[in-house]
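Enquirer: The structure that follows is given in the form of structure tokens.
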Amino acid sequence: MSDSKSAVSLSSAACADAGNPALEFARSVALGLSDTPRWIPSRYLYDARGSELFELICEQPEYYLTRTEEAILAARAREIREITGDVTVIELGSGTALKTRHLLRWYSEGGAELSYVAVDVSPSALQAAQASISAAFPPVRFIGVEATYEDSFSLFKEYSPCLVLFLGSNVGNFNHAESIGFWRGVSDHLEPGDFFLLGVDLVKDPAVLEAAYNDRAGITAEFTKNLFARMNRELDAGLDLGAIEHVARYNREWQRIETFARFSRSQTVHLRPLGLDIPLRAGEQVMVEISRKFVIEDLTRYLGCFGLETRAVFTDERRWFAVLLLQKRMEGR
Ligand code: AVJ
């Protein structure tokens, strides 16, 4: 673009939409739907209704992740504290912090003074976390921070010595590029000797994995469809939700569940804030989420490349899920 005036007006438009969530949503959708294959950033799955549906997914018999991780944490919290000593606990994407209680119970045992910093993009989740933590552990100092992961990295130094929690296999939502950016940021901001507790879902029988993302009650399908219902609510996108199907399948080569919305009839997505219409043909699929699955040995080697040493690995007896305790490498090692 040679005209400097239009470059200026473009950049001021970029600033102007920061406080306009509908415009930002519409821009993200336009960006992803214009790509091949088409996609929509998975963070948009988690509006108030989406978060509610995710809580319901966690209760489905097929979705073993949450209850398996919770059992590991409940059994190992004491050992984890013994390794880290007394530290401030920071949680990335705390949500309502239900699983975190097992850790906080041990970290506050014996009257230890404990600060718990919960980071989440959802103010309602932070309120729920504060209410449940304060009720269960009155002496714990609760600090809620409404921020994205990246924006919270500066807290690590502020609260060092610390243990950063990143649970629920949320890291599985990152593709390789996003993952590298994330771990580089984490490693750059952790002080040597600080700890990181990572929960990851493991590679296993594809039938078990596909069942977890295709529950019989159809809650996961509802979760996928809610993204498009949200586009109707917030953007007046004009979509016929009856023509959208949930498709989740395991990609063995990439070791990940890929979730798509499949359009059974042709439709036009109206992105009114942008004055843009995007046509979709019958049979087209839009990727809405990836959920990567991990192999412990590969993961520990990978994390080692970011200066994160694996101090302990905790898993369940079926080896379906793992919780890794990492430590930022000390200087000169
Ligand atoms: C919260 C991102 C870890 O990928 O397993 C569950 C979200 N999506 N069922 C996952 C999810 C469909 C979940 N994470």
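Enquirer: In region 246-255, what residues are of a type outside the set (Phe, Trp, Tyr), within 16 Å of the ligand (Cβ to nearest atom) and free of Cβ contacts under 8 Å to residues at least 40 places away in the same chain? Give the steps one after another, and end with the answer.
Expert: Residues of region 246-255 that are of a type outside the set (Phe, Trp, Tyr), as a first pass: 246-249, 251-253, 255.
Add one more test, that the residue is within 16 Å of the ligand (Cβ to nearest atom), and what stays is 246-249, 251, 255.
Answer for region 246-255, where residues must be of a type outside the set (Phe, Trp, Tyr), within 16 Å of the ligand (Cβ to nearest atom) and free of Cβ contacts under 8 Å to residues at least 40 places away in the same chain: HIS246, VAL247, ALA248, ARG249, ASN251.
Enquirer: Can I ask one more? Which residues, counting only those in region 49-87, are away from the ligand (no atom under 16 Å from the Cβ) and small (Gly, Ala, Ser)?
Expert: Filtering region 49-87 down to residues away from the ligand (no atom under 16 Å from the Cβ) leaves 71, 74-87.
Passing the criteria: ALA71, ALA74, ALA75, ALA77, GLY85.
Enquirer: May I ask you to list the residues in region 226-245 that are touching a strand residue (DSSP E or B) at 6+ places or on another chain (Cβ under 7 Å) and either modelled with pLDDT under 95 or within 13 Å of the ligand (Cβ to nearest atom) (or both)?
Expert: LEU227
Enquirer: Another question about this same structure. For region 148-180, give me each residue that is buried (at least 16 other Cβ atoms within 10 Å of the Cβ) and hydrophobic (A, V, I, L, M, F, W, C).
Expert: PHE153, LEU155, PHE156, CYS162, LEU163, VAL164, LEU165, PHE166, LEU167, VAL171, PHE174
Enquirer: Give the residue, chosen from LEU104, LEU92, LEU114, LEU45, that is in contact with a Leu (Cβ under 8 Å, 6 or more places away or on another chain), within 16 Å of the ligand (Cβ to nearest atom) and under 16 Å from PHE195 (Cα atoms).
Expert: Details: LEU104 fails: within 16 Å of the ligand (Cβ to nearest atom); LEU114 fails: within 16 Å of the ligand (Cβ to nearest atom); LEU45 fails: under 16 Å from PHE195 (Cα atoms).
It is LEU92.
Enquirer: Ok, one more. Look at region 203-225 and say how many of its residues are under 18 Å from LEU56 (Cβ atoms), part of a helix (DSSP H, G or I) and more than 11 Å from the ligand (Cβ to nearest atom).
Expert: We begin by selecting, within region 203-225, every residue under 18 Å from LEU56 (Cβ atoms); these are 211-225.
Going one step further and asking which of them are part of a helix (DSSP H, G or I), we end up with 211-212, 219-225.
Then keep just the ones that are more than 11 Å from the ligand (Cβ to nearest atom); that gives 211, 225.
So the answer is 2.
Enquirer: Give the number of residues within region 127-182 that are in contact with a Ser or Thr (Cβ under 8 Å, 6 or more places away or on another chain) and of a type in the set (Phe, Trp, Tyr).
Expert: Here the count works out to 3.
Enquirer: Before we move on, is GLY199 part of a helix (DSSP H, G or I), touching a Phe, Trp or Tyr at 6+ places or on another chain (Cβ under 9 Å) and touching a residue at least 12 places away in the same chain (Cβ under 8 Å)?
Expert: Numbers: part of a helix (DSSP H, G or I): no; touching a Phe, Trp or Tyr at 6+ places or on another chain (Cβ under 9 Å): yes; touching a residue at least 12 places away in the same chain (Cβ under 8 Å): yes.
No: the conditions fail for GLY199.
Enquirer: To continue, here is another question. Could you give me the residue pairs with C-beta distances under 9 Å whose first residue belongs to region 162-173 and is touching a residue at least 24 places away in the same chain (Cβ under 8 Å) and within 6 Å of the ligand (Cβ to nearest atom), whose second residue is in a helix (DSSP H, G or I) and of a type in the set (D, E, K, R) wherever it lies, and which are 6+ apart or on separate chains?
Expert: Listed by first residue and then by second, the contacts come to GLY168/GLU69; SER169/GLU69; ASN173/ARG43.
Enquirer: Go through region 238-268 and count every residue that is within 23 Å of ALA22 (Cα to Cα) and more than 26 Å from the chain's Cα centre (by Cα).
Expert: Number satisfying all stated conditions: 5.
Enquirer: A further question on this structure: Within region 256-301, count every residue that is away from the ligand (no atom under 13 Å from the Cβ) and closer than 30 Å to LEU326 by Cα.
Expert: Within region 256-301, the first condition is being away from the ligand (no atom under 13 Å from the Cβ), and the residues that meet it are 262-286, 295-301.
Pick out the ones that are also closer than 30 Å to LEU326 by Cα and you get 295-301.
Residues meeting the conditions: 7.
The values are calculated or read from the model by the stated rules, or taken from the named source; none is laboratory data. As the structure is a prediction and not an experimental result, all values here were calculated from the model. Glycine gets a Cβ as well: all are built from the backbone with ideal geometry, and neighbour counts include every protein chain shown.
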